[in-house]
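Following: one structure in structure tokens, then a few remarks.
The values are calculated or read from the model by the stated rules, or taken from the named source; none is laboratory data. No experiment lies behind these values; they were computed from the predicted model shown. Here the Cβ is made from the backbone with ideal geometry for all residues, glycine too, and neighbour counts use every protein chain on show.
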Amino acid sequence: MKGVPEILSEKFGIYYALVNPDLALDVSDSALFRYLGLESLPGTLFLADLFYELIGFDDDVAAVISGSRQEFCIPTINRVTDREIYFDLYLYHYPPAGRAALLVVKDATSEGLSLRAVQQRRNELVLKNQELISNEYFIRTLLDMIPNPIYYKDRGGAYIGCNDAFAKFISLTREEIIGKTVHEVVERSNSFFFSDKDNDLLKTGGVQQFEAPITGLDGKKSHVIFSKAMFPGEDGGPGGIVGVLIDITERKRMEERLSQLGTAVEKSPASIVITDPSGRIEYVNQKFCDLTGFTVGEALGENPRILKSGHHSREFYEGLWSTIGAGHEWRGEILNRKKNGALYWEMVSISPIFDDGGNIIHFVAVKEDITDLKRAMEELVKTGNELRRSNETMQEDLQIARRVVDALIQKEMPVIDACAIECIYRPFNIIGGDYYALRALDGGLSAFVCDISGHGVGSALFLSLIRYLSGLLVAECGYEPGRYLAELNGHLAAVMSTYFLTAIYAHVSFDETPLLRFSNGGHPHPIVCRCNGDISYAGDNGPLVGISPYMNYQTFSVELAPGDRVFFYTDGLPETRNREGREIGLDDGLLNMFERARRGSLKEMMEAIFEEMDRYRGDRPVEDDLLLIGIEIMKQARGR
Amino acid sequence: MEYKWKITILGDFAVGKTSLVQRFVYNTFSDSYLTTIGVKVSRKEVKLGGTDTAMLLLWDIAGTDLFTQVSHDYLRGASGAIIVGDISRKDTLASLEKHLALFREINPGSGYVIAVNKTDLIGADAGTEAARRHLPATGALSTAEVFATSALDGRNVESMFTALAKKIEGRGGSEK
């Protein structure tokens with residue numbers, strides 16, 4: 001029959017020992033030793049020898065022994081003996097029979113191992129979960145670091161993830177993309193193409209790669225290379241698709257641009273030659289072939305010296321190669337020879353092309369046939385020389401003509417007692433177009449004023465003719481102004497129909513009543529300034545002189561009084577313009593100017609008129625001859 | 001003089017507390033993970049200066065997580081502590097402060113060191129400075145002595161336990 005200790009230990013896993021006040025153990029049941037995997041130890045055995053877990057708990061143990069505390073426990077102590085055990089260690093206050101405490105060891109191996117199994121599983125799951133979170137974070141970070149758009153979708157076609165680049169490419173956020181299908185993230189016009197491609201991949205498995213245009217929901221068009229692969233699901237079937245996009249939109253655009261550039265080069269009206277660094281021809285365009293007669297096949301692999309004409313020196317070519325070899329552009333004209341031997345000039349620009357390392361990898365020559373241009377230039381130079389010579393001759397003629405005209409212009413005014421005569425003449429050009437002649441004629445005054453067209457040598461010659469005729473006619477009909485102009489007109493129209501003039505011929509007699517009689521051939525009207533202050537234009541107009549023969553000219557008469565002043569002038573005065581381009585004009589403008597200048601002597605008044613005119617013109621340059629002739633009737637005949 | 005000092009090994013679960021004790025006591029390492037339940041007390045004698053020795057009673061206490069806490073009874077009477085974190089798990093390093101605070105609350109004045117374990121994962125030459133860079137630079141941790149340990153290759157394990165023993169001795173560790 002088993003005793004209490006055997007029943008407790010075998011049935012309940014409870015072992016005990018008594019503790020003396022000096023902490024010595026009284027182990028009456030050897031089952032405790034067996035449980036702890038120990039042999040029975042000889043001699044006195046102390047509490048801490050068997051249960052070193054109690055070291056450090058001296059105060060707790062002392063409290064239980066003294067009875068100030070009834071019990072003390074260390075739960076779930078793990079030891080490895082010949083097997084792994086878990087036990088709870090109890091110490092109870094136990095005073096009977098001179099004892100101090102009852103030590104109880106309660107086996108908890110079964111619960112401990114069970115608890116460890118549960119805890120182990122839970123910890124492993126937590127660790128696994130942390131690892132998964134860490135891995136997902138790593139993969140997410142990795143994906144976001146990849147510049148190419150990447151997505152993954154389930155086998156139903158719904159996006160389950162993507163990187164930042166894909167979200168940016170689609171112009172949606174990651175949250176907006178996840179859960180959607182391709183029909184909801186790209187335009188419907190192309191979404192079915194992509195879903196069909198996905199279905200093909202899910203059926204066949206493996207990898208799919210293709211190039212396709214894609215239009216986003218925002219209308220943005222791109223060109224993309226798709227690389228897709230199917231990944232397996234948990235059931236072993238298709239799990240979904242992972243796709244990587246390479247956006248080649250810019251590359252496509254570049255290819256198109258290069259293609260356009262290639263076409264432009266090929267169709268260029270200039271001949272284009274590309275060589276390697278040694279000068280070996282690698283490319284010629286159609287224009288080169290058309291111009292030189294060499295075919296593409298004949299030119300490729302050759303050196304451009306196949307075009308050498310022998311015109312240029314060796315130094316010329318050495319300079320060219322030295323320039324482009326140093327990485328600079330060379331520009332110049334070269335005389336080359338075609339395949340058929342014909343020579344032609346080219347304007348050539350040769351530029352080096354560098355690689356990323358700065359090394360010359362090609363030379364490009366753009367050449368323009370300037371043979372015709374050179375010929376035209378030669379003609380132009382020749383013509384220019386002739387023109388220059390002709391111009392020099394003309395200048396010499398003009399100088400002669402100027403001297404002639406200078407000689408023809410009257411410098412001294414006739415002296416007539418009955419009147420004062422003043423003249424201011426400012427020729428605009430080397431050869432002035434205005435002419436005047438004032439003569440004393442039997443006590444009276446004959447005055448001829450004209451403005452001829454042109455300022456060249458011809459005008460000078462014409463002026464000589466006018467001078468001759470005007471002098472001749474004074475003797476013949478100096479008293480009859482109308483007839484004077486009619487005769488002058490008849491002579492000029494007969495001999496020189498291409499030249500014409502405006503003219504006034506006047507005769508002033510100084511009898512009892514001084515009388516001005518004049519005829520006007522298209523000339524600005526004389527101005528009469530009365531001594532009483534009145535100022536007005538005199539007479540009327542007549543036809544231009546020399547345009548057509550058989551013209552009649554009316555004679556006008558104006559009675560004058562002492563102090564009255566009569567002015568003849570040419571159109572340079574009324575047509576003087578200010579800086580705004582407005583003319584003085586023949587209406588009130590000219591008369592007002594004369595009115596303002598009326599002062600002092602005849603000469604002072606005329607100088608004042610020119611001052612007024614200069615002031616009106618301002619900094620605008622003089623544009624025509626300026627002629628003003630003044631006659632003042634004297635109050636008392638001088639010298640009479 | 002022969003001392004007997006209780007030293008608690010604290011830290012989150014699976015940071016390598018048991019492995020550090022195994023490396024120190026038995027100079028062995030097992031890469032299979034076995035969760036500790038309750039407490040497992042191991043013993044090892046270390047030599048101090050002269051003829052002095054100390055029997056270290058190493059209390060390898062079950063690691064904690066959000067749902068389990070260390071029994072305060074396990075910590076009572078400890079002369080020193082090793083607070084262990086896993087360099088590859090930031091959350092275990094963040095918990096060091098909490099474990100240290102608990103230990104210091106129950107055993108004010110006791111010595112302690114910090115073990116940043118599994119440093120073999122970040123390189124063969126990972127040293128103390130590298131380990132310290134992984135720790136929060138605040139509170140008691142900022143002044144604690146830190147050891148970059150690896151139970152796998154044994155680096156700094158022996159020196160850490162010895163350093164802790166000397167620290168306890170320096171604090172006047174009582175003879176037991």
Of all strands (runs of 3 or more DSSP E) fully inside the range A:482-579, the set with 3 or more residues that are more than 20 Å from A:G443 (Cβ to Cβ) and either within 60 Å of the chain's Cα centre (by Cα) or among the small types (G, A, S) (or both) is A:501-509
Within the range A:12-39, the residues that are within 21 Å of A:N78 (Cα to Cα) and either in contact with a strand residue (DSSP E or B) (Cβ under 6 Å, 6 or more places away or on another chain) or not hydrophobic (A, V, I, L, M, F, W, C) (or both) are A:G13, A:I14, A:Y15, A:Y16, A:A17, A:S30, A:A31, A:L32, A:R34, A:Y35, A:G37, A:E39
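So, of the residues in the range A:307-330 that are in contact with a strand residue (DSSP E or B) (Cβ under 6 Å, 6 or more places away or on another chain) and loosely packed, with under 13 Cβ neighbours inside 10 Å, which turns out to be nearest to A:L291 (Cα to Cα)?
Of the residues in the range A:307-330, the ones in contact with a strand residue (DSSP E or B) (Cβ under 6 Å, 6 or more places away or on another chain) are A:307, A:309, A:311, A:320, A:323-324, A:327, A:329-330.
Checking which are loosely packed, with under 13 Cβ neighbours inside 10 Å leaves us with A:311, A:327, A:329.
Values: A:H311: 19, A:G327: 28, A:E329: 23 Å.
Ranking the qualifying residues of the range A:307-330, first place goes to A:H311.
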Suppose we keep only residues that are more than 29 Å from B:G170 (Cα to Cα) and touching a residue at least 40 places away in the same chain (Cβ under 8 Å) within the range B:28-49. Which one would you say is surrounded by the most Cβ atoms within 10 Å (Cβ to Cβ)? B:F29
Give the residue that is surrounded by the fewest Cβ atoms within 10 Å (Cβ to Cβ), with candidates limited to residues of the range A:487-520 that are hydroxyl-bearing (S, T, Y) and modelled with pLDDT of 85 or more. A:T513
Given the conditions (1) surrounded by 17 or more Cβ atoms within 10 Å (Cβ to Cβ); (2) among the hydrophobic types (A, V, I, L, M, F, W, C); (3) within 30 Å of A:W345 (Cα to Cα), and given that A:A376 satisfies all but one, which numbered condition is not satisfied? (1)
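Looking at the range A:525-534, which of its residues are among the hydrophobic types (A, V, I, L, M, F, W, C) and at pLDDT 95 or above? Outline the logic, then answer.
First, pick out the residues of the range A:525-534 that are among the hydrophobic types (A, V, I, L, M, F, W, C): A:527-529, A:531.
Correct list: A:I527, A:V528, A:C529.
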Is it the case that the range A:97-104 has a residue that's at pLDDT below 90, among the aliphatic types (A, V, I, L, M), touching a Phe, Trp or Tyr at 6+ places or on another chain (Cβ under 9 Å) and surrounded by fewer than 17 Cβ atoms within 10 Å (Cβ to Cβ)? no
Scan the range A:439-454 for residues that are among the β-branched types (V, I, T) and touching a residue at least 60 places away in the same chain (Cβ under 8 Å) and jot them down. A:V449
By residue number, the members of the range A:74-106 that are assigned to a loop (DSSP other than H, G, I, E, B) and either within 12 Å of chain B (Cβ to nearest Cβ) or over 25 Å from B:K4 (Cα atoms) (or both) are A:D82, A:R83, A:Y94, A:P95, A:R99
It is to be established whether one or more residues within the range A:194-207 are buried (at least 18 other Cβ atoms within 10 Å of the Cβ), free of Cβ contacts under 8 Å to residues at least 40 places away in the same chain and closer than 18 Å to A:I248 by Cα. yes
For the condition touching a residue at least 12 places away in the same chain (Cβ under 8 Å) and at positive phi, what is the one hit in A:G521, A:G539? A:G539
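Could you count how many residues in the range B:50-84 are away from chain A (no Cβ under 14 Å), touching a residue at least 40 places away in the same chain (Cβ under 8 Å) and not charged (D, E, K, R)? Explain how you work it out, then say what you get.
The first filter runs over the range B:50-84 and keeps only residues away from chain A (no Cβ under 14 Å), leaving B:50-53, B:82-84.
With touching a residue at least 40 places away in the same chain (Cβ under 8 Å) added as a condition, the list becomes B:51-53, B:82-84.
Next, from what is left, pick out any that are not charged (D, E, K, R): B:51, B:53, B:82-84.
Looking only at that region, the number is 5.
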If we take the range B:50-159, then strands (runs of 3 or more DSSP E) inside it with 2 or more residues that are surrounded by fewer than 19 Cβ atoms within 10 Å (Cβ to Cβ) are B:53-61
Against the definition (surrounded by fewer than 19 Cβ atoms within 10 Å (Cβ to Cβ), in the same structural domain as A:N541 (by TED's automatic domain parsing) and closer than 25 Å to A:I547 by Cα), how does A:S446 come out, yes or no? no
Given the criteria of a type outside the set (S, T, Y) and within 24 Å of A:V622 (Cα to Cα), does A:I409 qualify? yes
Scan the helices (runs of 4 or more DSSP H) fully inside the range A:1-73 and keep the ones with 2 or more residues being more than 22 Å from B:K40 (Cα to Cα). A:4-7, A:58-66
List the residue pairs whose Cβ atoms are under 9 Å apart, where the first residue sits in the range A:107-130 and is at the interface with chain B (Cβ under 8 Å from one of its Cβ atoms), the second is surrounded by fewer than 17 Cβ atoms within 10 Å (Cβ to Cβ) and assigned to a helix (DSSP H, G or I), and the two are 6 or more positions apart or on different chains. A:Q130/B:D91
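Filter the range B:37-49 down to the residues that are closer than 20 Å to B:L10 by Cβ and more than 7 Å from chain A (Cβ to nearest Cβ) and list them by number. Walk me through it before giving the result.
So in the range B:37-49, the residues closer than 20 Å to B:L10 by Cβ come out as B:37-44, B:46.
Result: B:S42, B:K44, B:V46.
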Being within 23 Å of A:P96 (Cα to Cα), of a type outside the set (A, V, I, L, M) and more than 10 Å from every other protein chain (Cβ to nearest Cβ) is the filter here, so list the residues in the range A:32-73 that pass it. A:T44, A:F46, A:S66, A:G67, A:S68, A:R69, A:Q70, A:E71
Checking the structure you have, find out if any residue of the range A:221-238 is exposed (fewer than 15 other Cβ atoms within 10 Å of the Cβ), farther than 30 Å from A:D144 by Cα and of a type in the set (K, R). no
Within the range B:1-36, tally of residues that are within 18 Å of A:F51 (Cα to Cα) and at the interface with chain A (Cβ under 9 Å from one of its Cβ atoms): 3
Give the number of residues within the range A:455-483 that are free of Cβ contacts under 8 Å to residues at least 40 places away in the same chain, in contact with a Ser or Thr (Cβ under 7 Å, 6 or more places away or on another chain) and of a type outside the set (A, V, I, L, M, F, W, C). 1
